[in-house]
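We did not get these values from a lab; they are worked out from the coordinates using the rules stated. Here the structure is a predicted model, which is why all the values come from computation and not from measurement. Because the Cβ atoms are built from the backbone with ideal geometry, glycine has one as well, and the counts that use them run over all protein chains shown.
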Amino acid sequence: MIITQKNICVQGKHHKPIITDVFYNDTKQQKSIVVFCHGYKGFKDWGAWDLVARAFAKAGFFFLKFNFSHNGGTAEQPIDFPDLEAFGQNNYVKELDDLDTIVDWVTSAGFTYKDFVNSKDIILIGHSRGGGITIIKASEDPRITKLITWASVSDFESRFPKGAAFNTWKKEGVSYVENGRTKQQMPHYFQFYTSFIAQRDRFTISKMIKNIKIPYLVIHGGNDPTVTIKEAESLHDWNPESTLFIQEGADHVFGAKHPWNCLELPLDLSIIVEKSINFAIL
């Protein structure tokens, strides 16, 4: 039987909780831990992520997914973005710190589910921007044993505004992006850029990925309109020992959407989940 615990509050380092879900089967067998990181404007309950979690739990993994502390969700409303001020104050430092907090939590002696996990086998999965975060984490933390990225970005700096848009952002201290689904005007304070520049080398994926010596699976959709396939090819080129898998015809979210009201995964997502499970088992 699959056990699910939703909306666990893990105290983060930046004065906001990290809202977390765990999925696992009820056998007291030590299970490899899979930690899933959502992407930009993402959240742990998006689309078909619960079905993904159940698939991994059914395959014998302890699956954990969480909201980054400043993704705009709250403990009371973890879906969507009721806290736009937090969203505006988010940055890569906070996301890496959140992931570090989660890894510390699952490896701690007081971890509630310690009888169910093998804390020496931690696999990271990151989607989109979350992929970039997991790459940095895997390059820095010897506790990570395998890395899988789905539709990951290969560069953070290129995504900042350029030219006049950058100058306006710097002058006004904030810029806004519209959420196409919720129609919210979502802020980015200029600290997002300055915090990046302060640790630029650390957040340069092309440099950090070369430090990764663990098994790494790069997965990308062949028709991804959001993060081009060239970025997956770059990740693979920078870490030639990695495995590159292209799901032909797949988009950025592998056929899923929010909300996802079906009881089964979309075909493309089911294929990459199976591929990821097989990679994680090896």
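At q = 0.07, 0.11 Å⁻¹ the log10 of I(q)/I(0) for the chain amounts to -0.23, -0.60, computed by Debye summation with a single uniform scatterer per C-alpha, solvent ignored.
Checking the Cα-Cα distances for 13/94; 58/137; 31/65; 13/183; 41/257 against a 19 Å cut-off, the pairs over it are 58/137; 13/183. Computed from phi, the 3J(HN,Hα) profile of segment 146-158 under the Karplus parametrisation 6.51, -1.76, 1.60 (θ = phi - 60°) reads 8, 9, 10, 10, 10, 6, 6, 6, 10, 7, 8, 4, 5 Hz, with x in place of Gly and Pro. Assign one of three labels to segment 158-203, namely rounded, prolate or oblate, based on the Cα gyration tensor with a ≥ b ≥ c the square roots of its eigenvalues; rounded applies when a/c is under 1.5, prolate when it is not and a/b is larger than b/c, and oblate otherwise. Prolate is the answer for segment 158-203, as a/c is 1.5 or above and a/b outweighs b/c. Dividing the mean sequence gap of close Cα pairs (under 8 Å, 6+ apart) by how many residues segment 2-281 holds gives a relative contact order of 18 percent.
Amide H contacts for residue 144 (H built 1.01 Å from N in the peptide plane; partners 5 or more residues away or on another chain; cut-off under 5 Å): none found.
Here the dipole of segment 100-249 is about 360 debye; that uses its Cα centre as origin and unit charges on the Cβ of Lys and Arg (positive) and Asp and Glu (negative).
For residue 224, the residues 5 or more places off, or on other chains, whose built amide H falls under 5 Å of its own are 229. Each residue of segment 9-25 was assigned a 3J(HN,Hα) from its phi angle through the Karplus expression (A = 6.51, B = -1.76, C = 1.60, θ = phi - 60°), giving 8, 9, 6, x, 8, 10, 6, 9, x, 9, 7, 10, 10, 10, 9, 6, 8 Hz with x at Gly and Pro.
In a reduced charge model with +1 at each Lys and Arg Cβ and -1 at each Asp and Glu Cβ, the chain shows a dipole moment near 360 debye about its Cα centre.
Ordering of 26-37, 174-185 by packing is 26-37, 174-185, highest average first (other Cβ atoms within 10 Å, averaged per residue). Restricting to bridges with both residues inside the chain, how much of the DSSP beta-bridge set is antiparallel, in percent to the nearest 5? Antiparallel bridges: around 40 percent, rounded to the nearest 5.
Couplings 3J(HN,Hα) of segment 63-76, computed from phi: 9, 10, 10, 8, 8, 4, 4, 10, 7, x, x, 10, 4, 6 Hz, in residue order, whole Hz [Karplus 6.51 cos²θ - 1.76 cosθ + 1.60, θ = phi - 60°; x for Gly and Pro].
The packing ranking, built from the mean of other Cβ atoms within 10 Å per residue, places the peptides 116-122, 156-162 in the order 116-122, 156-162, highest first. Positive end of the dipole of segment 2-281 (Cβ unit charges, origin at the Cα centre): among 277, 99, 5, the Cα lying farthest that way belongs to 99.
DSSP finds beta bridges in segment 1-95, and of those with both partners inside it, around 70 percent are antiparallel.
Could you tell me the relative contact order of segment 1-140? Use alpha-carbon pairs under 8 Å, at least six residues apart, and round to a whole percent. Write out the running numbers ahead of the final one.
Numbers: 267 pairs, mean separation 42.4, N = 140.
Rounded, it is 30 percent for segment 1-140.
Around the amide H of residue 40, modelled in the peptide plane, lie the amide H atoms of 129, 130, all under 5 Å away and 5 or more residues distant in sequence or on another chain. Estimated from helices alone, the mean residue ellipticity of the chain at 222 nm is -9000 deg cm²/dmol (sum of -39500 (n - 2.57) over DSSP H runs with n ≥ 4, per residue).
Computed from the C-beta positions of residue 261 and residue 164, the FRET efficiency with R₀ = 35 Å rounds to 0.25.
Beta-bridge orientation, segment 128-228: approximately 55 percent antiparallel, per DSSP, counting only bridges with both partners inside.
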